[in-house]
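Taking it in order: structure first as structure tokens, then the write-up.
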Amino acid sequence: MDTLRISPKYKSSDWQALNKTDAAHWSKAVEIVRDRLHGRFLHFADKCLRDKFSGFVVLSIDCLLVETIQQFIDGVIDGHRKSGPLSKKFLKGPRFQPDFGTDETRGSFYSDIRCGLLHQAEAKNKWLIRRKQAELLKKVGTDGYIIDVERFHAAVKDSLEDYLTELCKPESADLRTNLWTKMNHICDVRTARGAMYGTQSPGHQAP
């Protein structure tokens with residue numbers, strides 16, 4: 001029974017109907033991934049960002065997506081106990097350079113922003129969250145940082161689009177294989193959950 005959605009527009013059966021060896025199916029595969037991540041997360045972060053006091057919640061959503069997108073890139077099914085390496089690897093991407101160019105900076109972001117927000121609902125140590133900076137990340141003194149939430153959010157969105165663009169290229173065989181591994185797992189879980197819980201009620205959403 002296929003009753004639970006994997007994104008606002010698509011069910012697991014939509015993904016399972018695709019053939020990864022058919023070049024014509026890859027545009028649909030990319031659209032499903034985009035709908036999942038935009039439709040469930042980025043769309044709402046964009047809305048929240050309009051409020052001047054939304055920096056914490058937007059960065060929290062972005063931190064979640066940093067790990068999630070890297071899991072898609074690497075084909076990671078279970079990210080348990082892998083949050084640190086996944087987050088730091090993602091921040092090595094070109095959209096975050098040169099601001100996150102050192103292990104120290106990436107590690108501090110993970111400990112004080114990612115873990116601070118997701119575990120304690122606070123930015124830890126000497127990190128500040130602001131807007132309208134000339135740079136994504138400003139170093140203050142020896143261990144202080146001011147992060148621009150608007151620029152960081154834009155970098156996450158742009159990184160996702162870069163990834164989706166690469167998936168459209170036939171030569172991106174490894175990325176495509178990893179995506180298939182990740183999405184097949186997601187769909188298998190949703191199909192089993194749908195069989196257990198039955199039809200999704202209006203106004204409710206499966207994870």
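Structure notes:
- Unmet requirement for P98, which otherwise passes all of (1) surrounded by 18 or more Cβ atoms within 10 Å (Cβ to Cβ); (2) without any contact (Cβ under 8 Å) to a residue 24 or more places away in the chain: (1)
- Check on H43, assigned to a helix (DSSP H, G or I), surrounded by fewer than 18 Cβ atoms within 10 Å (Cβ to Cβ) and touching a Pro at 6+ places or on another chain (Cβ under 9 Å): yes
- All conditions in (1) assigned to a helix (DSSP H, G or I); (2) at pLDDT 95 or above hold for L18, with the sole exception of (1).
Here is a yes/no grid of residues against (1) at pLDDT 95 or above; (2) part of a loop (DSSP other than H, G, I, E, B); (3) not hydrophobic (A, V, I, L, M, F, W, C):
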position: W26; (1), (2), (3): yes, no, no
position: A29; (1), (2), (3): yes, no, no
position: P85; (1), (2), (3): yes, no, yes
position: D99; (1), (2), (3): yes, yes, yes
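- Selection count, the range 1-43, where residues are of a type outside the set (V, I, T) and within 22 Å of S159 (Cα to Cα): 17
The values are calculated or read from the model by the stated rules, or taken from the named source; none is laboratory data. Remember, predicted model here, so these are calculated numbers, not experimental data. Don't worry about glycine lacking a Cβ; one is built from the backbone with ideal geometry, like all the others, and counts go over all protein chains shown.
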